[in-house]
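Values quoted throughout were computed directly from the atomic coordinates according to the rules given, and no laboratory measurement underlies them. Small disclaimer: the values here were computed from a predicted structure and weren't measured. We place every Cβ from the backbone using ideal geometry, glycine too, and count neighbours over all the protein chains shown.
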């Protein structure tokens, strides 16, 4: 668990990813991507959908 404070808001992250080094996170994401982690794939699709212009659909 890790806490961040933004103004009057406290954000608590319960993911073990927050405790990993950048290299450990990269390895985790690569392994999960190769395994076909459906949640990771959905997050990636959502990010890409936000970056695409509306008329390219």
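Details
- Helix 38-51 axis, angle to the chain major axis (alpha carbon atoms, nearest 10°): 70 degrees
- For the chain, the relative contact order works out to 19 percent when only alpha carbon pairs closer than 8 Å and six or more residues apart are counted.
- Intensity falloff of the chain expressed as log10 I(q)/I(0), Debye formula with alpha-carbon point scatterers, at q = 0.15, 0.19, 0.26, 0.29 Å⁻¹: -0.68, -0.89, -1.02, -1.07
- Compared with the dominant principal axis of the Cα atoms in the chain, helix 22-35 is inclined by about 40°.
- Model label sites at residue 25 and residue 5, defined 7 Å from Cα along the beta-carbon direction, differ in position by 2.2 nm.
- Difference of contour (0.36 nm per residue) and Cα-Cα distance, residue 44 to residue 17: 8.1 nm
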